[in-house]
Structures are given as C-alpha cells and as structure tokens.
Amino acid sequence: MGTRGKAVAAATVAGMMLLTAAACGGSGDSGGSNPKGATSPPDGQGSPGGTRPAPPAKEPIILAFGGDTHFEGQLRSRAGIPKNALGPVSKQLRAADLAMINLETAITTGGGTPAPKSFTFRASPSAFKALQGSGVDVVSMANNHGMDYMEGGLRESLAAIKRSGFPVVGIGKNADAAFRPYRVTVKGNKLAIVGATQVLDDNLIQQWTATDTQGGLASAKNVPRMVQAVKEARKGSDVVIVHLHWGAELQPCPLPRQQELAKQLVAAGADIIVGGHAHIPLGGGYMDGSYVHYGMGNFVFYSANGKTAESGVLLLKVENGKVTKDKWAPARISGGIPIPLKGAAAASALKRWNGLRECTGLQARPS
C-alpha cells in the first residue's frame, strides 16, 4: 500500500468529505502490516543508535469503514485478485489513511468440519492479499462466520493470519489474543483497534468463544471482559476503535443490548464504535463525544439484493483523538460488489441513511 501517493489520497478523501486540502493537509495472532499513513518505526522501537526520534505531530486523518465481506459463491475467484478485488469501491478505501471491514468467513482451503448451521463461508488465505490490494488495512473476524469450519478451520485461519502478517482482530489462540488490540500509529495518531462479536449461534457459543485455555472469537456477550479490553486499549492510545458484530438481521433499529453496550464502551474509553450483522445499514451518530454506528450493512456479499444490497463506505475525520466529521458514501451491491452511487441516486440513499438515525438516540453532530 505504500506505493500510493499520499497527497493524491488525501486530496481524494478531502473531496469526498467536502474538506479542504489543508484540513486533510496488534491483533490476535497476526504479525502486523502498516497501513498507508502509518509511521515507521512502529511503537516501542527506537532508532538503530538507541535514541528515540521525536514523536510526529498529530495530523487530521480519515478513516474508512465497510461492512460485511466474504468471498463466497460467485465472489470466490476474487480472493485471488491482487488489486481492486472489491471493485470500484477500492478507490475510496485506498484514499483513506486507514480502512477497515468485517471479514465474515473462515480462512481455510480444506481443513475443518462445517459447523452445524444453514450457511458456512470459507475463503482462501489469498483473501488477505486481495483485501490489502483493495485498500483494506485491518479486518475483524469476530462474527458468526469466523469459525464456520470449527476448531480445524480456526487453526488454519490463525496460521494464515500469521503467515500473511495482515492485521486481524477479534480472533486468537486464547481470550487474551482474541481481545488484544491492533496498535498502529497513523500520521502521529496512536490507534488501538479491538474486535468482538455479540452474535453467536446458541449451539456454538461454548465452542466458538475464546477463553483462557481455548482458541476462538472475542465475545462481546462477556461485557466485563469487553469493557476491560477497551480500557486496556485506551492505555497509550489517542484513538480507540471498537468493531462489533451485533444487532438483529434485517432490523433497521439498534437493539436495547446494542445501545447499552455502546454506552458502557464509550464510558470505558471507546472513541469510535462501528459494526454490522443486520445485512442492511443502520444509523450512526454521536454519543458523549464518541461516534457510534450500529450497522454497516453488507459490503462484498454474494447474496445481496433488494434492501440487503444497500451499502456504502463510512468516512470519519479524526482530529486530536475525536471524530469531528462523518460522511456516508452510498453504494449499491451488484453481482456481490458495492458500486458507488452518484447524482440523484446517491442523494436519495444519503437521505434514507440519515433518517435511520431517528431510532438510535444518537446526535447528528459532535457536541
């Protein structure tokens, strides 16, 4: 990703968010890979001479978020595409200083046993390169498909994550690894990103939940552990991002348990909470100085149609540790790929998206 021109990227995002050029002017078991805009050397490493360089000044950054993504069905071959595997929306992701999506699949080519459920998703390890080539910098695998091939699939997924060095949160060899934040410095801003799921099939909760002695997913059902993870991520960070798999399928308003968890995590130190699962977009807005988005909808998803084909990219401008502006760049999924909307179609989709905030209790602007 380092080959992208940062000035071009900043200008592109600035145009998308109607900002001026001047305004823009570790995970469970992964090895970590710096996103565009990330500084080097990483946190905790000094210069070869033993003296630590002066910390870079914090610049405004643009974060981009997409929804549920997999490489199932007709999308399977896209896991082997090294660039633009996610289609034209890749340009928007590359333009951001850091982009994140929900990777809703196990990463396994043949191992593991399919979980006893209606739908199971799997993708080749090449998916990580495909995502990286499309501008994605970090993913969460904490969702109700992350262990679709049970313990064997988990072992393959963790091995693929380790080999790729691609940043993945929400999954690990034990609970500490699954809840461990991915830490990266972007334009002087120290980010910590945590992933967890509030959605698990009842018959799979015990087998899929990471514990002290068992690999699996970070479970947001364990609220005290979730709060602890956010407080730990807060230490030494300028911005804490929490990615959650939550809500009810096809329900456009957040559940009470989502709203309660959001309040607890904001109180614990979360600056940004985003997530999905409903397969349709939900509303987003501001809560006590933090930004909360209850549902991103589908993003790269083989079965999207009708309302489940409504998609988009959430863009957040962060200054001095807080979200100061947000923008929804609407898209519609066609052939499993989100196609950015323009003109009247985009205006109509944006109006519809803003209306979703009415049932969230969130504010349209930062206080």
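Key figures for this structure:
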item: Elements of type strands (runs of 3 or more DSSP E) in the range 250-367, at least 2 residues being under 19 Å from residue 220 (Cα atoms); result: 272-276, 290-293
item: Residue 218, sole failed condition from (1) under 16 Å from residue 270 (Cα atoms); (2) touching a helix residue (DSSP H, G or I) at 6+ places or on another chain (Cβ under 7 Å); (3) crowded, with 24+ Cβ neighbours inside 10 Å; result: (1)
item: Failed item, numbered, when residue 43 is tested on (1) assigned to a loop (DSSP other than H, G, I, E, B); (2) within 23 Å of residue 190 (Cα to Cα); (3) modelled with pLDDT of 95 or more; (4) not β-branched (Val, Ile, Thr); result: (3)
item: Filter pass, residue 186 being within 17 Å of the chain's Cα centre (by Cα) and surrounded by fewer than 24 Cβ atoms within 10 Å (Cβ to Cβ); result: no
item: Subset of the range 189-215 that is β-branched (Val, Ile, Thr) and in a loop (DSSP other than H, G, I, E, B) - its residue that is surrounded by the most Cβ atoms within 10 Å (Cβ to Cβ); result: 199
item: Residue that is assigned to a loop (DSSP other than H, G, I, E, B) and either at pLDDT below 95 or closer than 30 Å to residue 187 by Cβ (or both), where the choices are 82, 88, 116; result: 82
item: Single unsatisfied condition, residue 243 versus (1) buried (at least 24 other Cβ atoms within 10 Å of the Cβ); (2) in a loop (DSSP other than H, G, I, E, B); (3) not aliphatic (A, V, I, L, M); result: (2)
item: Pairs, first at positive phi and of a type in the set (Gly, Ala, Ser) in the range 199-222, second surrounded by 13 or more Cβ atoms within 10 Å (Cβ to Cβ) and modelled with pLDDT of 95 or more, C-beta under 6 Å, six or more apart; result: 216/208; 216/209; 216/210
item: Near pairs, Cβ below 6 angstrom, 6+ apart or cross-chain, from the range 294-306 (buried (at least 24 other Cβ atoms within 10 Å of the Cβ)) to any residue that is part of a strand (DSSP E or B) and polar (S, T, N, Q); result: 297/311; 298/311; 299/69; 299/311; 300/69; 304/298
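The values are calculated or read from the model by the stated rules, or taken from the named source; none is laboratory data. This structure is a prediction, so every number in the text was calculated from the model and none was measured. Cβ sites come from the backbone with ideal geometry, for glycine too, and all protein chains shown count toward neighbours.
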